[in-house]
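Where a number appears in this text, it was derived from the coordinates with a stated rule and is not lab data. Given the structure is predicted, the values throughout are model-derived calculations rather than measurements. Note that we place each Cβ from the backbone using ideal geometry, even for glycine, and neighbour counts take in every protein chain shown.
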Ligand code: PMP
C-alpha cells in the first residue's frame, strides 16, 4: 500500500493551521520534521501517568519509567537493525552523537601523523569535531571531493585511503543538496584496509530503511527531531566490539560501577555513555515516532519522497531563472536552488509571505557552498506530509518572487 499524504497530513496538528492567512506549506523537514499526534500523545501520556526518574528507583513508577525508556531503546535497535540494545546510546542529537564518537573513540585512536577522511558534503556537525580532533592531535583531515553534480568522487576517495587512515566519517544523505551517497562502497573500501566508518544518518533514517548490520557500518549518528520525534534526543549506534574499547564521554551519576575518593570503575555500555538523568520523555517520544514511521512503512516513505522529488525538480526546471544546486543521479528529499537576481534570503522571505516555509542559508555546509561558489541557497525539503500541491505552491511563489524583482 502506498502512502496517502492526504491521510498523513491529518496526523500532524500543526499542518491544520494557516500561515499568513494561507494553508501552511511546510518544506523544511530537513531542518526538523513536524510531529504527529501520536508522538505528542506519547510524551504527554508519559508525563501525566508514568513519570519518574529511571534506573535508581525501587518503587513501581520508577520501574515503569525505566521499562518504557528501555523499550524505546529496543525500538531504535530494531529500527536500525542493530544486533543488541546496548549498541544504542541515547544522546541529545546527531551533533552530540558525533562529538561522542570523536571524543570517546577518536581521542584514543587518532595520533600525530594519522589521517581522518570526511567528504566535501558534510554538515558542520560531521566536519568540525573531526577537524578539531586532527588539529589537537597533529593529524590530517582529508576530504573526498564532489563533482559538479554534487556526487562523491569515489576514485579520489580510494586514493585518499592509506595505512595512516584511522577513520572515515561520511553523511549518507547531504542535508544541503540531497545527494544520496553510495555508503556501501565507502564502507567496503575502508574495511578492506581495516578502517572503521561513521555514517551521519541525520538525513537518511527519516527517508529510507537503514540497517546497520546490512551496511556493516561501525558508527551511525542521527537526531530524533528529524525523524518526526521530539527535540533533545538523538542516537549513536556503535558496533559492539568497538563499544567495549571506548572511554566515557562524560562522567557522573548513572555511568559508574564503583566510586571511591581515589578511583571509579565505569558501567558497561550503554550506561557508560549516558551520564546523568537522560531525556526520558524524549526517548519515549522517539519510540512513538518510530512506531508511526514503521506503520507508514519506510519503503512507502521512500517511494513517496522519490515521486515528490521528481515532480518538484521538473517544476523548478521549467523556470529559466532557477538553477538547482546538486543534480547527482542518486538524490533524495532535498532540492537546493538559487534564483537569478534574487538573494536566497529574499526568496525565503517572499515565500514565507505566501505561507511556504523553506530554508535559506549555507545549511551548515559552508565548504560545500564554496565548492559551488554560492554564499547560500534556498532549500525545499520533503516530508511524509507533503504532496504535489505543496510543490505547485512553491513554484507559484517563486514566479511571484521573480515578478517582484523584475
Ligand atoms: N548532520 C546532518 C546531515 C544534518 O542535516 C544535521 C542537521 N541539519 C546534523 C548533522 C546535525 O543535527 P542536529 O542539529 O540535530 O544535531
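I'd like to compare 185-194, 97-106, 289-298: which one has the highest average count of other Cβ atoms within 10 Å, and what's the full order after that?
Numbers: 185-194: 15.6, 97-106: 25.3, 289-298: 18.0.
In descending order of packing, they fall as 97-106, 289-298, 185-194.
Using Cβ contacts closer than 10 Å as the measure, can you line up 134, 364 from fewest to most?
Numbers: 134 21, 364 17.
Listing 134, 364 from fewest to most nearby Cβ atoms yields 364, 134.
Can you order the peptides 57-67, 199-209, 29-39, 238-248 by their average number of other Cβ atoms within 10 Å per residue, highest first? Write out the running numbers ahead of the final one.
Working: 57-67: 13.5, 199-209: 25.7, 29-39: 21.0, 238-248: 16.9.
Taking the mean over residues of other Cβ atoms within 10 Å, the ranking is 199-209, 29-39, 238-248, 57-67.
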Relative contact order of the chain, defined on C-alpha pairs under 8 angstrom at six or more residues apart (%) = 23 percent
Report, for the range 40-294, the % of DSSP beta bridges that are antiparallel, rounded to 5.
-> 50 percent
Pseudo-spin-label distance residue 153 to residue 192, built 7 Å along Cα→Cβ, given in nm, is 1.9 nm
Potential extension, residue 111-residue 261 segment - 0.36 nm per residue separation minus Cα distance | 50.9 nm
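Among 256-269, 73-86, what's the highest-first ranking by average C-beta atoms within 10 angstrom per residue?
On the way: 256-269: 11.5, 73-86: 18.1.
So the peptides 256-269, 73-86, ranked by packing, come out 73-86, 256-269.
Per-residue ellipticity at 222 nm for the chain, helices alone: DSSP H runs ≥ 4 residues times -39500 (n - 2.57), over residue total, nearest 500 deg cm²/dmol? Before the final figure, lay out each step's value.
On the way: 14 runs with 147 residues, N = 406.
Helix contribution divided over all residues of the chain: -11000 deg cm²/dmol.
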Taking neighbour Cβ counts within 10 Å as the exposure measure, how do 157, 311 sort from fewest upward?
-> 311, 157
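Quick check on the exposure proxy: order 315, 394, 27 from fewest to most C-beta atoms within 10 angstrom. Walk me through the numbers on the way to the answer.
Working: 315 18, 394 24, 27 27.
Fewest-to-most Cβ neighbours within 10 Å comes out as 315, 394, 27.
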Counting DSSP beta bridges with both ends in the range 76-198, the antiparallel % (nearest 5) | 15 percent
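For the chain, just say rounded, prolate or oblate: build the C-alpha gyration tensor, square-root its eigenvalues into a ≥ b ≥ c, call rounded for a/c under 1.5, and beyond that prolate if a/b exceeds b/c, oblate if not.
Details: a/c = 2.11, a/b = 1.26, b/c = 1.68.
Oblate, because a/c is 1.5 or more while a/b does not exceed b/c.
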